[in-house]
Structure formats: structure tokens, C-alpha cells
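The values are calculated or read from the model by the stated rules, or taken from the named source; none is laboratory data. Since we're looking at a predicted model, the values are computed, not measured. We place every Cβ from the backbone using ideal geometry, glycine too, and count neighbours over all the protein chains shown. The accessibility values were calculated without ligands, DNA or RNA, using every heavy atom of the protein model including side chains. Shrake-Rupley method; radii C 1.70, N 1.55, O 1.52, S 1.80 Å.
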Amino acid sequence: MRKLTYFIACSIDGFIGDESGDASFMYPFVDEEFFEFLKAEYPETMGSGGRRALGIDDLENQKYDTVVQGRGSYDVALKEGITSPYAHLREYVASRTLEESPDPHVEIVADDVVGKVRELKAEEGEFGIYLCGGSKLAGELLDEIDELVVKTYPIVLGTGMPMFGSGFAVAEFGLDEVRLFKNGVFVRTYSRKR
């Protein structure tokens with residue numbers, strides 16, 4: 001059984017962006033040390049365009065071969081004219097409003113995203129599934145999330161888009177690892193307690 005991992009950046013107070021989902025204020029924390037960590041351990045979580053621009057497009061996937069993202073996350077790339085933001089992965093976009101995919105490499109999941117994720121998890125393979133965001137989709141898939149990788153940046157927003165856009169639900173995870181970086185960023189990895 002493959003794992004679904006919610007790999008997400010957030011503020012100290014648990015917001016992944018402002019109310020509209022913009023998280024560009026977190027970019028300055030991706031310094032040399034933190035970038036080397038991402039490049040070595042999570043290269044597939046960097047978008048294809050960025051990988052090409054940085055000359056690291058040839059890096060092999062380390063953990064994931066599939067990405068699932070919500071319409072809001074996908075729209076960030078679409079606004080830049082990018083129709084396949086993770087061309088190095090199989091791409092699925094959960095959307096009830098996008099009638100057809102603007103790219104043959106991207107599959108739209110219009111309904112039963114939970115069923116689609118269960119189908120992907122049941123596949124054989126050494127790599128897992130990267131849940132890219134956003135908040136509403138993470139809330140909808142909370143029961144399917146097997147692992148959390150939370151990159152916490154040393155900022156407080158006070159308000160914004162929460163990590164999980166869902167009603168009250170208790171889901172317990174066990175802490176596996178904490179990595180601290182000189183810039184104040186820390187990365188926590190949790191496994192789902194079942």
C-alpha cells in the first residue's frame with residue numbers, strides 16, 4: 001500500500017498562506033542550506049519549471065511518483081501559463097469546476113477524490129503520493145493522509161488559509177523526525193496512528 005503524504009509549508013501558527021492562499025512571503029527562507037535539503041530529499045516536490053531554471057531537472061524522484069493537488073494550487077501555475085507544473089510526476093487535480101484538463105499529462109478528478117486517492121494508494125510501487133495542497137483538499141482527504149511533512153517557517157500570520165480546511169476532526173499522528181535549519185525553519189515528519 002502506497003502512502004499519501006501531505007508535504008506542506010506553513011507559518012508557526014499553522015497557516016499555509018494568506019486568505020487567498022498566497023505563500024510567496026515564505027520564499028526568502030529557502031536559503032542555500034534549506035535548498036540543499038529539499039534538493040537531496042524532496043526534489044520531486046519542486047515544480048518542473050523551477051527545476052529546469054535551476055538546472056536540476058535531471059534529479060531522480062526520491063519519495064513520490066504521483067502528485068494530487070486542488071484547483072487553487074493548480075491555478076497558481078495556470079496563471080503563469082503552466083499547464084503541467086509537475087511534469088516529472090503523474091498529475092491529478094481535484095476540481096469540480098475545471099471541465100477538462102488543459103494538458104494531456106494532467107488528469108482532472110471531478111468527483112470522488114477520496115476514491116481516486118484510495119485507488120492510487122492501492123497501486124504497487126516503491127514511491128508514494130505527494131499531496132501538494134490546498135487546504136480544502138487536505139481537509140477532504142484527512143482520513144487518507146498517512147504522513148505529514150510540515151515545513152514550518154519562523155513567521156506568524158495571525159490569520160490566513162489553515163493547513164486543513166475542514167470541520168473539527170481529531171486525527172492522531174506520531175512524531176518521527178524533526179530537522180532544524182540555521183534560518184529558523186524546522187521540518188517535522190509525522191506518521192499516522194491507525
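Search the range 65-80 for residues being under 12 Å from the mean Cα position of the chain (by Cα) and part of a strand (DSSP E or B), and hand back the single one that is farthest from SER101 (Cα to Cα). Among those that are under 12 Å from the mean Cα position of the chain (by Cα) and part of a strand (DSSP E or B), it is THR66.
Working only within the range 17-45, note down all residues that are outside any helix (DSSP H, G or I) and either among the small types (Gly, Ala, Ser) or open to solvent by less than 20 Å² (accessible area, probe 1.4 Å) (or both).
Here is the first cut: in the range 17-45, the residues outside any helix (DSSP H, G or I) are 17-23, 30-31, 42.
Scanning the range 17-45 gives GLY17, SER20, GLY21, ALA23, TYR42.
Of the strands (runs of 3 or more DSSP E) that lie entirely inside the range 91-194, those containing 2 or more residues that are open to solvent by 50 Å² or more (accessible area, probe 1.4 Å) span 173-180, 186-192.
Taking the range 10-51 as the range and being among the aliphatic types (A, V, I, L, M) and under 17 Å from GLY158 (Cβ atoms) as the test, the residues that pass are ILE12, ILE16, ALA23, MET26.
Please find, among TYR27, TYR6, TYR42, the residue that is out of contact with any helix residue (DSSP H, G or I) (no Cβ under 8 Å at 6 or more places or on another chain) and closer than 30 Å to GLU126 by Cα.
Details: TYR27 fails: closer than 30 Å to GLU126 by Cα; TYR6 fails: out of contact with any helix residue (DSSP H, G or I) (no Cβ under 8 Å at 6 or more places or on another chain).
The match here is TYR42.
Picking from residues in the range 46-90 that are closer than 19 Å to VAL30 by Cα and free of Cβ contacts under 8 Å to residues at least 12 places away in the same chain, the one that is surrounded by the fewest Cβ atoms within 10 Å (Cβ to Cβ) is GLY55. I'm trying to understand the selection: among the residues of the range 34-75, which are closer than 21 Å to VAL93 by Cβ and among the polar types (S, T, N, Q)? Scanning the range 34-75 gives THR45, SER48, ASN61, THR66, GLN69, SER73. Selection over the range 47-75 of residues that are under 23 Å from ALA122 (Cα atoms) and in contact with a strand residue (DSSP E or B) (Cβ under 9 Å, 6 or more places away or on another chain) gives a count of 8.
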